[in-house]
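The values are calculated or read from the model by the stated rules, or taken from the named source; none is laboratory data. These figures come from a predicted structure and were not determined experimentally. With ideal geometry, Cβ positions are generated from the backbone for all residues, glycine too; neighbour counts draw on all protein chains shown.
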Amino acid sequence: MIIDTHAHYDDEAFDADREALLASMHDGGIEKIVNVCASVDGLHDTVDLMEKYPFIYGSVGVHPDDADKMTQETLDEIRRLSCMDKMVAIGEIGLDYYWHKGKEEHEIQQKMFRAQLDIAREEKMPFMIHSRDAAEDTLNIIREYMQGGMYGGIIHCFSYSREIAAEYLKMGMYLGIGGVVTFQNAKKVKETVQYAPLSQLVLETDSPYLAPKPNRGKRNSSLNLPYVAQAIAELKGITAEEVIEVTRQNAERLLGL
């Protein structure tokens, strides 16, 4: 059975058939799902899902796109929700410079990234990192925090070079691998998967985004994870069953599932 460590089933893309889709997960080989908060307004949507579905767990945090909407009250609420049963991580948090080019925007993102990492440290929880076009700043901040008191975490949807992957792996971090590994032009991700030990990889979808081949461009769901496991297996010269089993153990170990 597969664990999806990163999905967004609170997204409006699932409004039409969310209940039926989630009801099909067990028969589709999906054991557990971590639904990950992203927006300030959506913090409680993940709580609703994890309370309704026994196999859904939660990660609470705010995506860097919403950093400018965050207040001390937001941080207080993240801390409060982090103490709930079945809340297993702080995330997704991090830096995204793709849409946000200005220095002031970067400073706000970094401030809120650090504030949420502080919560992860104080509450002794792992974290889930979003990083886009911000490789150096993300790595420097994580390196600083991992020097003491952190429980560990996942670099979600890892897309940087093998050299950067090596830095995270040396710190004991896990890399989240999803549908992108099936894309023909995903050279960096494929190289990273070949290089990284299986003991530091976890499976994820980022549903409803980043569906793997042969469903690229369609709405993604956890039911597509066998394609990801097979792609990793081929890159590593092992079986998909081994990929599924070891990544399941990795997720259980890090997230306490």
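Of note:
- Residue within segment 203-212 that is closer than 20 Å to R162 by Cα and polar (S, T, N, Q) present: no
- Segment 136-147 residues that are without any contact (Cβ under 8 Å) to a residue 60 or more places away in the chain, paired with ones that are surrounded by fewer than 19 Cβ atoms within 10 Å (Cβ to Cβ) and not charged (D, E, K, R) (beta carbon under 6 Å, 6 or more apart): M146/M171
- Subset tally (residues that are loosely packed, with under 13 Cβ neighbours inside 10 Å and more than 23 Å from M50 (Cα to Cα)) for segment 70-86: 2
- When D76, D66 are screened for being in contact (Cβ under 8 Å) with a residue 12 or more places away in the chain, out of contact with any His (no Cβ under 7 Å at 6 or more places or on another chain) and more than 20 Å from L225 (Cβ to Cβ), only D66 passes.
- Residue, surrounded by the most Cβ atoms within 10 Å (Cβ to Cβ), within segment 175-199, restricted to residues that are hydrophobic (A, V, I, L, M, F, W, C) and part of a loop (DSSP other than H, G, I, E, B): A196
- Count of segment 220-257 residues, restricted to those that are touching a residue at least 40 places away in the same chain (Cβ under 8 Å), out of contact with any Ser or Thr (no Cβ under 7 Å at 6 or more places or on another chain), on the phi < 0 side of the Ramachandran plot and not hydrophobic (A, V, I, L, M, F, W, C), is 6.
- Flag if E241 is of a type in the set (D, E), in a helix (DSSP H, G or I) and more than 18 Å from T138 (Cα to Cα): yes
- Leading residue by the ranking (farthest from C83 (Cα to Cα)) among those in segment 14-27 that are exposed (fewer than 15 other Cβ atoms within 10 Å of the Cβ) and in contact (Cβ under 8 Å) with a residue 24 or more places away in the chain: S24
- Cβ-Cβ under 6 Å pairs, at least 6 apart or on other chains, segment 154-183 side within 20 Å of R219 (Cβ to Cβ), far side among the charged types (D, E, K, R): H156/E92; C157/D206; G176/E204; G178/E204; G178/D206; T182/K213
- Filtered by the rule that a residue be among the hydroxyl-bearing types (S, T, Y) and part of a loop (DSSP other than H, G, I, E, B), segment 200-212 gives T205, Y209.
- Any hit, segment 26-44, residues being assigned to a helix (DSSP H, G or I) and not hydrophobic (A, V, I, L, M, F, W, C): yes
- Every listed requirement among (1) small (G, A, S); (2) over 15 Å from C157 (Cβ atoms); (3) touching a residue at least 40 places away in the same chain (Cβ under 8 Å) is met by G217 save one, (3).
- Qualifying positions in segment 120-151 - buried (at least 22 other Cβ atoms within 10 Å of the Cβ) and of a type in the set (A, V, I, L, M, F, W, C): A120, M125, F127, M128, I129, A134, I142
- Members of segment 98-132 that are assigned to a loop (DSSP other than H, G, I, E, B) and at pLDDT 95 or above: K124, M125, P126
- The condition (being among the acidic types (D, E) and over 30 Å from E241 (Cα atoms)) is satisfied by just one residue among D10, D4, D15, D27: D15.
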